[in-house]
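Engineer: I'd like to ask you about the structure that follows.
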Amino acid sequence: MTNPANQPGERAVPTGIVVAANRRAAEAGAGVLRGGGNAADAAVATAAALAVVDPANCGIGGHGGFAVVHRLGDTPYQVAFNATVARSHREEPLVGRRLAGHRVTPPSIVGGLCALGTQFGRLPRSETFGPAIALARNGFPVGPGLAHALAWGCARHRGLNDAFRKTFFFDGAPLASGAVLRQPALADTLERIATEGSDSLRRGPLVQAMLETVNDNGGQLAEEDFRSIDPRVAAAAVGHYGGADVWASDPEECGASILLPALAELDGVDLGASRSSRYVDAVGQALAHAWRLRDQAFRPFGTATTQTSHLCACDGDGMLVSMTFTHGPVWFGSGLMTAEGGILLNCGADLLARRARDGAIVAQPHLTPAIVHAGAVRYALGSPGGPRIPAIVLQAVIDLIHYRVPLEDALGAPRFSARAEGALEGERAIVEAFPERAITCIETSEYFGPAGALAWSPEGMRGAADPRFADGYVAVALRPRDG
């Protein structure tokens, strides 16, 4: 949804937009835009705030993520902060191991945010991390989504140590909707990050706290694993569809391994004037083929599900950022929190895979942030959704470029996805629209959380959040109109 008070009126014009899976996080990013920051600064502020207000899906102890950045007239870049594979995981990957500590990979989120801000932003970390620090220290009311995730975690999560329960429980029960969540230890950690940058999670007391927590719970991380956490800034990967350029992160590391080959197979294919059986068949076959190629290149040790957060931001100068990052495929990651620092640790080892060409153990999440350039218009888009993320982004690109639908309709159109063997699964509206196709019905909630997108052109900018979910939010930064 969008805050109606933030809608441009006759006496104000937008200077930037942030779309995120939480209102407070989106507003944190918009506030940074109003304070003179650019889209990269806003993305850092939004992500840091999400780490506070959306701990079920992401956090500073998270597995990793990817951002695609495009400054008007410049080369599109990627900031890849994928998980670092610890020595113990290279020697003994997660196969049948259920101890919470063994699921943790050295967290890469902070390195990625610091790289994004340093390479592309213009504000100091004290300003971009400031809103997150305030949210952690002052607290905020728990919303229905977080309350639901906490209740799920209490009933089903295998982790959840004492530090986690001290933070998220009251009188032995998970915090309910409306309860105020304060995280003073996390606020102190964020202040340290704002001062020291990514080094704060490479060495020192916070690393020692993470090592103690992990190794006391069955893991085998070592100090050297944290020293090798290095995000990578490089040219973005590019694909093409319908005359548009589609920029994404490295297909060797993320869901672009599905998105870009599927788009290439569909480029030039006649999908018809509207979604028809021809569309379902062609898209399903392209997705299945892309998954087969991916499965030949990587052999995952487990089955990924979900728990991810996406955001995108743009500013008045035409910079776009699309970012997706995650704890790993389970709400609250490993469920382990450090007693010192309040860092909730990931379950990134659940996303490890063996690379076929050399046998190396690598992280292979399905995250697929993308930026699309079609004529004078550029779009930033992405989504949560585990292995369904590439299909969600693919269909949004087709809707925007082939069918030329409005931004909101591209996010709201019914979705379906395909597996490597060709089996289709889709939302109820897709199943009912194509009864002649064997499509397994998946409830809307099983597509796991709000996609987000924005459009920028010389004529203006617009943001949209997935209408299926109440948590998606569009925040607009405004300035008074001249005259």
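Engineer: Search the range 317-332 for residues that are farther than 13 Å from Cys254 by Cα and pair each with any residue that is outside any loop (DSSP other than H, G, I, E, B) and among the basic types (Lys, Arg) when their beta-carbon atoms are under 7 Å apart and the residues are at least 6 apart or on different chains.
Structural biologist: Partner pairs satisfying both residue conditions: Leu320/Arg378.
Engineer: Now, a different point. Is there a residue being of a type in the set (Asp, Glu) and within 30 Å of Val32 (Cα to Cα) anywhere in the range 344-362?
Structural biologist: To start, the set of residues in the range 344-362 that are of a type in the set (Asp, Glu) comprises 350, 358.
If we keep only those that are within 30 Å of Val32 (Cα to Cα) as well, we get none.
Scanning the range 344-362, I find no residue that is of a type in the set (Asp, Glu) and within 30 Å of Val32 (Cα to Cα), so the answer is no.
Engineer: Moving on to the next point. Answer yes if at least one residue in the range 268-283 is within 24 Å of the chain's Cα centre (by Cα) and assigned to a helix (DSSP H, G or I), and no otherwise.
Structural biologist: First pass over the range 268-283, keeping only residues within 24 Å of the chain's Cα centre (by Cα): 283.
Still in the list and also assigned to a helix (DSSP H, G or I): 283.
Yes.
Engineer: I've got another one for you. Could you list all residues from the range 197-229 that are hydroxyl-bearing (Ser, Thr, Tyr) and part of a helix (DSSP H, G or I)?
Structural biologist: Let us first name the residues in the range 197-229 that are hydroxyl-bearing (Ser, Thr, Tyr), namely 198, 200, 213, 228.
Matches in the range 197-229: Ser198, Ser200, Thr213.
Engineer: Moving to a separate point now. Anything in the range 197-218 that is in contact (Cβ under 8 Å) with a residue 24 or more places away in the chain, farther than 24 Å from His102 by Cβ and surrounded by fewer than 20 Cβ atoms within 10 Å (Cβ to Cβ)? List them, or say none.
Structural biologist: Gly197
Engineer: May I pose another question? If I ask for residues that are at pLDDT 95 or above and out of contact with any helix residue (DSSP H, G or I) (no Cβ under 8 Å at 6 or more places or on another chain), which ones from the range 286-309 would you list?
Structural biologist: Hits for the range 286-309 are Ala288, Arg292.
Engineer: Also: Would you confirm whether or not the range 289-299 contains a residue that is surrounded by 19 or more Cβ atoms within 10 Å (Cβ to Cβ), in contact (Cβ under 8 Å) with a residue 12 or more places away in the chain and of a type in the set (Gly, Ala, Ser)?
Structural biologist: yes
Engineer: Of the residues in the range 433-451, how many are in contact (Cβ under 8 Å) with a residue 24 or more places away in the chain and loosely packed, with under 15 Cβ neighbours inside 10 Å?
Structural biologist: Residues that pass the stated criteria total 2.
Engineer: Then there's this: Quick check on the range 307-336: of everything there that is buried (at least 24 other Cβ atoms within 10 Å of the Cβ) and aromatic (Phe, Trp, Tyr), which residue is nearest to Met210 (Cα to Cα)?
Structural biologist: Across the range 307-336, the extreme among qualifying residues is Phe332.
Engineer: Select from the range 463-483 the residues that are of a type outside the set (Asp, Glu) and in a loop (DSSP other than H, G, I, E, B) and write down the one among them that is modelled with the lowest pLDDT. Can you show your working first?
Structural biologist: Start the filter on the range 463-483 by keeping residues that are of a type outside the set (Asp, Glu), which leaves 463-465, 467-470, 472-481, 483.
Remaining after also requiring in a loop (DSSP other than H, G, I, E, B): 467-470, 472, 481, 483.
On the way: Pro467: 93, Arg468: 90, Phe469: 89, Ala470: 88, Gly472: 93, Arg481: 58, Gly483: 44.
Taking the candidates together, the pick is Gly483.
Engineer: Select, from Leu411, Leu454, the only residue that is part of a strand (DSSP E or B), surrounded by 14 or more Cβ atoms within 10 Å (Cβ to Cβ) and in contact (Cβ under 8 Å) with a residue 24 or more places away in the chain. Let's see the steps before the verdict.
Structural biologist: Details: Leu411 fails: part of a strand (DSSP E or B).
After applying the criteria, what remains is Leu454.
Engineer: Which one of Leu259, Leu311, Leu263 is touching a Pro at 6+ places or on another chain (Cβ under 6 Å) and within 23 Å of Val69 (Cβ to Cβ)?
Structural biologist: Working: Leu311 fails: touching a Pro at 6+ places or on another chain (Cβ under 6 Å); Leu263 fails: touching a Pro at 6+ places or on another chain (Cβ under 6 Å).
Result: Leu259 is the single residue among Leu259, Leu311, Leu263 that is touching a Pro at 6+ places or on another chain (Cβ under 6 Å) and within 23 Å of Val69 (Cβ to Cβ).
Engineer: Return yes or no: is Val104 closer than 30 Å to Ala235 by Cβ and within 20 Å of the chain's Cα centre (by Cα)?
Structural biologist: no
Engineer: Restricting the search to the range 385-405, which residues are part of a loop (DSSP other than H, G, I, E, B) and modelled with pLDDT of 95 or more? Walk me through how you get there before you give the answer.
Structural biologist: In the first step, residues of the range 385-405 are kept if they are part of a loop (DSSP other than H, G, I, E, B); the result is 385, 402-405.
Of everything in the range 385-405, those that are part of a loop (DSSP other than H, G, I, E, B) and modelled with pLDDT of 95 or more turn out to be His402, Tyr403, Arg404, Val405.
Engineer: Given the criterion outside any helix (DSSP H, G or I) and either surrounded by fewer than 17 Cβ atoms within 10 Å (Cβ to Cβ) or in contact (Cβ under 8 Å) with a residue 24 or more places away in the chain (or both), identify the matching residue among Ala176, Ala194. Before the answer, list the steps.
Structural biologist: On the way: Ala194 fails: outside any helix (DSSP H, G or I).
Every option except Ala176 fails the conditions.
The values are calculated or read from the model by the stated rules, or taken from the named source; none is laboratory data. Here the structure is a predicted model, which is why all the values come from computation and not from measurement. No Cβ is skipped: glycine too gets one built from the backbone with ideal geometry, and neighbour counts run over all protein chains shown.
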